[in-house]
Amino acid sequence: MRYSLLLSFLFAGATLFSQPVSLILSPEATPSETRAAAILKSWLGKITRQPVAFTREPKSEPVPPAIFIGQSLAARAQGFVFPEKMEEDAMFLHGKGGMVAIGGGGEMGAEYAAYSLLELLGCKRYSPRDTFLPQLETVQLPSFSARVETPAFPYRELWYEPATDDSWARWHKLKTRTEKDREWGMFVHTFDKLCPQAQYFKEHPEYYAFNGAQRSPGQLCLSNDTVFQIVTANLRTAMAEKPAARYWSVSQNDNYDYCKCPRCAASDKKYGSSAGSLLLFVNRVAREFPDKIISTLAYQYTRKAPKGVKPETNVNICLCSIECNRGNPIEEGCADFANDVREWSALTSNLMIWDYVVQFRSYFGPFPNWKTLQPNLKFFQKNGVRMMFEQGSGRDRSEFSDMRAYLLAKLMWNPNANQDSILADFRKGYYGEYADFVDRYVKDQIRRMEKHGKKLWIYDVPQNEPFVGDSILYRTLDFDQRMSQPKDPKVELRLRPLLLVELFSFLENMKCVSPSGRDMMAFNRNMILGQDTSGLHKSLVNFEKWSQESGMLHLNENGYTPARYVQDYKAFVKRSKEASNTLAASIQLTEPASPKYGGGKPEVLTDLLVGETDYRYNWLGFEGNDLQATLDVSGGIGMTFVSDVSVSFLQDQASWVFFPEKVTFEFSPDGENFFPLKEVVLETVPDEKKRFQTVRPDFSPIAARAIRVTAVNRKVCPEWHTCNGNPCWIFADEITVK
């Protein structure tokens, strides 16, 4: 008898212990509520041993733990009162007595509430690859006051690698790529799609922009009625092919070559901005499609809001912050853009902000913009912005892309959330025992940037950022040796991007003089040109290996791979060694170089630091004028036999940089009178790739005291270029004499 009682007690205890988690779905559940129930059933089944029971109409009074999804008689009986109406994406949560009620507005609100409840229970999705699930013996539902959370921005899109995963994006309450593709028929820079220059420019140049010198295919002439007819016809055809799409972008191409014809110029003058002629055109298009939203860019030359004309109610303005310094919050450090936000928000409630939160030229470069993200979002919210597009590194992983994406997702929902708590939560779950190390590392990046004036641009390289030079020598050379092996191999992989940031910064600064002013040439010569380059070889091997292990597959937005980077770096070393065998020479320029690059110093052409495909370092630029350089090769002792002369040039046509039309080489036996040596003609053809070319003429050895090199600039971009007629550049680098 005693044993029977004991067994009955134990059995009853076991039944109590394994009390199912009850999911009680409203009999009139919305699709969002039905999904929320399925999500909770799946995830709760992963984190607890308790069974999960699902019902629509409980036959008996529910007991804890119970979750009510949507309004029902059973929920009302427990005292849960749902709001009568909620905004799109808003979510409702209320917890008491071991029970929770969730719901939401629109297509996603209830689903978002389910994700929030799972986070309250300890579930975390740090990245698509890194999910933390607590293992619970029993589910104890928290108690909290009834609350409705409405997102700060109804439209929240994050262009970072984690958000390209639809399930991660939904968890973090963001627009998914699938939703984006369904909702947008065309997205930005669409003028050439809607009126293709390849189809029309040759026979109808009047359809395109007059740039002050001639017609150019870079942009459209927005005062031309035929252009309007072509754009609307092509838009109507595209809409018929994708009828469900709500947003259609009618927006400028990605260049500055806007129309300055008399009619367009008059509109721009009348409305005080180049957005004047654009908005007149887009408004006219929008009136043709009243059931669609026509989006356009306020970008670069159209950024300033016009006066005297407003967007139609179905026109969306996408205002872009591309020029802003990311070292300061926008309201403090980019006053002109902040004013643009205020002026556009006064004109329309349909305002989208395209913000930039990554270093586009260097996904592996340090980008300590952490103290700007929250203030910027607060500013946008304060000024009535309803749509946020945060552009990171897209489908590519980059410096702290997982942590930045996690933080931005939380702040786009609620800019007033506690940023320190969000980051601390991420670091603890993602970096484990190295959480404090990563915290110190990020804070040190910020400290060094602030020390050098808070200058942080989205199109830059480590060579040009003074705060990088403070750390590369004492951090990178033994960075991996100073770190003990993490206990968790996953944490070791998550730390790899930190190593890559430091190693990349070090390798890049090896190519030039430190931006902080410290001359690194002696160090560079030893590492790159010395007899023992094993240290450099090991660094390059590690760079490629760690990149692969980290899933960091491209160095910038143009798809530049780590393998190609290593290949190019080896070529750079080879060219540097070749340049080091040149005759020492003093140099003078007939016409000055632009002070924007290399300070305009002639010595850039003979400093033995060879240029690559980025004109921002190791190159000397000439805008609209020729290069003529005279090198004294006498060494102060008279004539020298010269058997070889070379000079390198860069081509980056998208940036208006072209090879010279021709290069002439002359020699002088006395330093005053010059005689022809050789002339080399270079062909200029359309070329989308960045490339450099070394010009080396063949000639018999001659005795000379001086050598003169002249590179003839073509002066303006050619007719076939999108910015034809505008001044173009030549960029020259190392002139070698042997």
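The values are calculated or read from the model by the stated rules, or taken from the named source; none is laboratory data. If you're wondering where the values come from, they're calculated on a predicted model, not measured in any experiment. Note that we place each Cβ from the backbone using ideal geometry, even for glycine, and neighbour counts take in every protein chain shown.
No other residue among Arg147, Arg125, Arg182, Arg170 is closer than 22 Å to Leu377 by Cβ, among the charged types (D, E, K, R), in a helix (DSSP H, G or I) and in contact (Cβ under 8 Å) with a residue 24 or more places away in the chain apart from Arg170.
Looking at this structure, is Pro58 within 26 Å of Thr138 (Cα to Cα) and either in the same structural domain as Met412 (by TED's automatic domain parsing) or not β-branched (Val, Ile, Thr) (or both)? Full working, then the answer.
Working: within 26 Å of Thr138 (Cα to Cα): yes; either in the same structural domain as Met412 (by TED's automatic domain parsing) or not β-branched (Val, Ile, Thr) (or both): yes.
It is true that Pro58 is within 26 Å of Thr138 (Cα to Cα) and either in the same structural domain as Met412 (by TED's automatic domain parsing) or not β-branched (Val, Ile, Thr) (or both).
Every test in (1) loosely packed, with under 14 Cβ neighbours inside 10 Å; (2) assigned to a helix (DSSP H, G or I) is passed by Lys596 save one, and that test is (2). The lone criterion from (1) in a loop (DSSP other than H, G, I, E, B); (2) surrounded by 18 or more Cβ atoms within 10 Å (Cβ to Cβ); (3) of a type outside the set (Asp, Glu) left unmet by Gly106 is number (2). Mind checking whether some residue in the stretch 382-396 is modelled with pLDDT of 95 or more and in a helix (DSSP H, G or I)? Yes. The number of residues in the stretch 74-103 that are touching a residue at least 12 places away in the same chain (Cβ under 8 Å) and assigned to a helix (DSSP H, G or I) comes to 3.
So Arg287 clears everything in (1) farther than 19 Å from Cys318 by Cα; (2) among the basic types (Lys, Arg); (3) in contact with an Asp or Glu (Cβ under 9 Å, 6 or more places away or on another chain) except one condition, right? Which one? Among (1) farther than 19 Å from Cys318 by Cα; (2) among the basic types (Lys, Arg); (3) in contact with an Asp or Glu (Cβ under 9 Å, 6 or more places away or on another chain), the lone unmet condition for Arg287 is (1).
Whether a residue is of a type in the set (Ser, Thr, Tyr) and without any contact (Cβ under 8 Å) to a residue 40 or more places away in the chain was assessed, and Ser362 does not pass this test. Checked against (1) buried (at least 20 other Cβ atoms within 10 Å of the Cβ); (2) over 30 Å from Pro64 (Cα atoms), Trp168 passes all but condition (2).
Just one of (1) modelled with pLDDT of 95 or more; (2) exposed (fewer than 14 other Cβ atoms within 10 Å of the Cβ) fails for Glu137. It is (1). The residue that is modelled with the lowest pLDDT, among those in the stretch 249-270 that are farther than 24 Å from Leu235 by Cβ and assigned to a loop (DSSP other than H, G, I, E, B), is Tyr256.
So, of the residues in the stretch 617-630 that are in a strand (DSSP E or B) and touching a Phe, Trp or Tyr at 6+ places or on another chain (Cβ under 7 Å), which turns out to be surrounded by the fewest Cβ atoms within 10 Å (Cβ to Cβ)?
Filtering the stretch 617-630 down to residues in a strand (DSSP E or B) leaves 620-623, 627-630.
Right, trim to touching a Phe, Trp or Tyr at 6+ places or on another chain (Cβ under 7 Å) and you get 620-623.
Working: Leu620: 26, Gly621: 21, Phe622: 23, Glu623: 17.
Among them, the one singled out is Glu623.
The residue that is surrounded by the most Cβ atoms within 10 Å (Cβ to Cβ), among those in the stretch 50-92 that are among the charged types (D, E, K, R) and more than 43 Å from the chain's Cα centre (by Cα), is Arg56. Counting only strands (runs of 3 or more DSSP E) that sit completely within the stretch 631-738, those holding 3 or more residues that are modelled with pLDDT of 95 or more and closer than 23 Å to Val610 by Cβ correspond to 645-651, 662-668, 706-712, 729-737. Of all residues in the stretch 198-227, which are surrounded by 18 or more Cβ atoms within 10 Å (Cβ to Cβ) and part of a helix (DSSP H, G or I)? Within the stretch 198-227, Tyr200, Tyr207, Val227 qualify.
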